[in-house]
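Undergrad: This is the structure, below, for whatever I ask next.
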Amino acid sequence: MMISKYSANGNDFIIFHSDVKEDRSKLAKELCHRQDGIGADGLIVIVPNSDYDFEWQFYNSDGSTAEMCGNGSRACAHYAYVNKLAPKSMSFLTGAGVIKAEVDGEMVLSELTSPKILDKNIEFNGKSWWLIDTGVPHLVHFTQNIEEFNIAEARELRNKYNANVNTAFVDGENLQVRTYERGVEDETLACGTGMAACFYRAMLEEKVSKSIEVYPRSGDTLYLGVNDRTITFKGRVKKTFETEWEV
């Protein structure tokens, strides 16, 4: 089996395509293991779909499934295009719904599913949090110091609300974002749906405009905006290598 390793702004993914849709949670844990496997934040398997260009199966590194992943959607789109599984402008099915994406070299733009505010009135440790679903649920809090990211607090919130946890800082006209990601169970260098959730709250509270740059811990630059349908998410992806794996 040939597999590819992709990096999308600090998130890394193992990707391959198959004609068979089946449970691959055990394989995801094996491949994503940082010491005994290849190592990645998640596994993406592209399978056929009669209504769209394809559909995906997405697994976190612990073998659990996730409905959506913003950075994964861009890496997946690039893989599908270069492997002639989809045209440059494509649509594919995820657990969160249909995602549209467009590939331009290493730059990939994806349209995320429509954001939903689940709760705007969460108070925890004296901080105000919004719970926003941008494909998966995210808790969002704004801070005056992005270096103050409490992993223990994030883990407690993640378990209490079964959501990813984001802290954001308004950096001039743009945002800096940190994310604790469920399934990885630690801080990750970037999270697309998390950045989108932070952007959405910031835009609604008029902290930022409708088109901004967002900087995750990876140090990369992501471009977020809105169109007449939903949030757009654009950034560079990189195929790091391809190898054969025996199963």
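Undergrad: Here's a check for you: in region 103-117, which residue that is of a type in the set (V, I, T) and in contact with a helix residue (DSSP H, G or I) (Cβ under 7 Å, 6 or more places away or on another chain) is farthest from V226 (Cα to Cα)?
TA: Per the criteria, the residue is V103.
Undergrad: Same structure, new question: Quick one: which of I122, I151 is exposed (fewer than 14 other Cβ atoms within 10 Å of the Cβ), touching a strand residue (DSSP E or B) at 6+ places or on another chain (Cβ under 8 Å), at negative phi and not charged (D, E, K, R)?
TA: Of I122, I151, the one residue that is exposed (fewer than 14 other Cβ atoms within 10 Å of the Cβ), touching a strand residue (DSSP E or B) at 6+ places or on another chain (Cβ under 8 Å), at negative phi and not charged (D, E, K, R) is I151.
Undergrad: Considering region 219-247 alone, what residues qualify as being part of a loop (DSSP other than H, G, I, E, B), within 29 Å of D119 (Cα to Cα) and touching a Gly at 6+ places or on another chain (Cβ under 9 Å)?
TA: Result: T221, single match.
Undergrad: A197 - would you say it is part of a helix (DSSP H, G or I) and either in contact with a Lys or Arg (Cβ under 7 Å, 6 or more places away or on another chain) or of a type in the set (G, A, S) (or both)?
TA: Against the criterion (part of a helix (DSSP H, G or I) and either in contact with a Lys or Arg (Cβ under 7 Å, 6 or more places away or on another chain) or of a type in the set (G, A, S) (or both)), A197 qualifies.
Undergrad: For the subset of region 43-60 comprising residues that are of a type in the set (D, E) and not in a strand (DSSP E or B), which member is farthest from N11 (Cα to Cα)?
TA: D51
Undergrad: How many of the residues making up region 88-98 are assigned to a strand (DSSP E or B) and either surrounded by fewer than 20 Cβ atoms within 10 Å (Cβ to Cβ) or modelled with pLDDT under 95 (or both)?
TA: 5
Undergrad: If you don't mind, another one. Do we have I212 as closer than 28 Å to G126 by Cβ, surrounded by fewer than 23 Cβ atoms within 10 Å (Cβ to Cβ), modelled with pLDDT of 95 or more and more than 18 Å from the chain's Cα centre (by Cα) here?
TA: No: the conditions fail for I212.
Undergrad: Oh, and also: Go through the residues of region 131-148 one by one and say whether even a single one is modelled with pLDDT under 95 and farther than 30 Å from Y79 by Cβ.
TA: Yes, region 131-148 has at least one match.
Undergrad: For the structure I just gave you, tell me whether L85 is touching a residue at least 24 places away in the same chain (Cβ under 8 Å), over 18 Å from G225 (Cα atoms) and part of a loop (DSSP other than H, G, I, E, B).
TA: For L85, the condition - touching a residue at least 24 places away in the same chain (Cβ under 8 Å), over 18 Å from G225 (Cα atoms) and part of a loop (DSSP other than H, G, I, E, B) - is met.
Undergrad: Report yes if R236 is more than 23 Å from Y79 (Cα to Cα) and of a type in the set (K, R), otherwise no.
TA: Judged against the criteria, R236 is not a match.
Undergrad: Among (1) in contact with a helix residue (DSSP H, G or I) (Cβ under 6 Å, 6 or more places away or on another chain); (2) touching a residue at least 60 places away in the same chain (Cβ under 8 Å); (3) outside any strand (DSSP E or B), where does G63 come up short?
TA: (2)
Undergrad: Same structure, new question: Among the residues of region 107-119, which ones are at pLDDT 95 or above, within 17 Å of the chain's Cα centre (by Cα) and loosely packed, with under 14 Cβ neighbours inside 10 Å?
TA: Once the filter is applied, which keeps residues that are at pLDDT 95 or above, within 17 Å of the chain's Cα centre (by Cα) and loosely packed, with under 14 Cβ neighbours inside 10 Å, region 107-119 yields only K116.
Undergrad: Restricting to region 1-31, name every residue that is over 18 Å from E67 (Cα atoms) and in contact with an Asp or Glu (Cβ under 8 Å, 6 or more places away or on another chain).
TA: Within region 1-31, M1, M2, I3, S4, K5, Y6, N9, G10, E30 meet the criteria.
Undergrad: Search region 151-178 for residues being polar (S, T, N, Q) and either farther than 18 Å from I122 by Cα or modelled with pLDDT under 95 (or both), and hand back the single one that is nearest to the chain's Cα centre (by Cα).
TA: Per the criteria, the residue is Q176.
Undergrad: Still on this structure, please answer the following. Could you tell me which residue of region 231-247 is farthest from the chain's Cα centre (by Cα), considering only residues that are surrounded by fewer than 17 Cβ atoms within 10 Å (Cβ to Cβ) and polar (S, T, N, Q)?
TA: T243
Undergrad: Counting only residues that are in contact with a Lys or Arg (Cβ under 7 Å, 6 or more places away or on another chain) and of a type outside the set (S, T, Y), give me the strands (runs of 3 or more DSSP E) lying completely in region 114-194 with at least 1 of them.
TA: 127-133, 137-142, 164-171, 174-181, 186-188
The values are calculated or read from the model by the stated rules, or taken from the named source; none is laboratory data. The model shown is predicted, which means the values in this text are computed figures rather than measured ones. Counting neighbours? That spans all protein chains shown, and the Cβs are built from the backbone with ideal geometry, glycine included.
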